[in-house]
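In what follows, a single structure is set out as C-alpha cells and then discussed.
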Amino acid sequence: MSTSFSKGDSSNQSLESRAVYKVLVAEDDPFQRLSIIDILKYSHFDVTPAENGAQAIEKLMDENNSFDLVLLDLLMPEKSGKDVLDEIMQNKRLSKLPVIMMSAKNDSNIISECLKTGAKSFIIKPLRLQE
C-alpha cells in the first residue's frame with residue numbers, strides 16, 4: 001500500500017514529478033518537532049520547521065514561501081500558537097491556509113476557541129504513526 005500524499009490525482013505521473021504538499025511545522029520541543037518532521041517526510045511531505053511562534057510568522061509572511069498546511073503547537077515561546085493562528089486568520093493572503101493546532105493539553109475550552117478562530121482541527125500530542 002502506498003503512503004504518498006501528493007497534489008493532483010494523476011496515476012500516470014511518477015512520484016518524483018508530482019508536486020508534494022508543503023507543510024510548516026511550528027513546534028518548540030526539539031524531540032516533538034523532529035518526530036513530526038520524520039513522520040511527514042516518511043509520507044513524502046515537504047516540511048519546513050519553525051522553533052517558535054515568531055519564527056513561524058516570519059516564515060509565513062515571507063512571500064517566497066508557500067505552504068499548503070500549518071501544524072501549529074499551542075504553547076510556544078516568543079509568540080503562542082493561538083497568537084500565530086490569530087495573525088494567520090487576519091492576513092488576507094494566509095486566511096484560507098488550513099491550520100491544525102497541536103497540544104498535550106486536552107482542554108475542551110482551548111480546543112473550541114482555536115476551532116472558532118479558524119483552525120481546521122486540533123491534535124492531542126504526542127503524535128504517533130499508525131501503520
(message) Run the reach check for Lys116 against lysines, Cα to Cα strictly under 23 Å, same-chain hits fewer than 8 apart removed. What comes back?
(response) Lys79, Lys82, Lys92, Lys96, Lys105, Lys125
(message) Using 0.36 nm times the number of residues separating Ile124 and Gln90, minus their current alpha carbon distance, what extension gain do you get?
(response) 9.7 nm
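Rounded, prolate or oblate: which one fits the stretch 87-131, using the alpha carbon gyration tensor with axes a ≥ b ≥ c (rounded when a/c is under 1.5, else prolate when a/b beats b/c, else oblate)?
Values: a/c = 3.21, a/b = 1.55, b/c = 2.07.
Oblate, because a/c is 1.5 or more while a/b does not exceed b/c.
Each value in this text was obtained by applying a stated rule to the coordinates, not by laboratory testing. In this text the structure is predicted, and so the values were computed from the model without any measurement.
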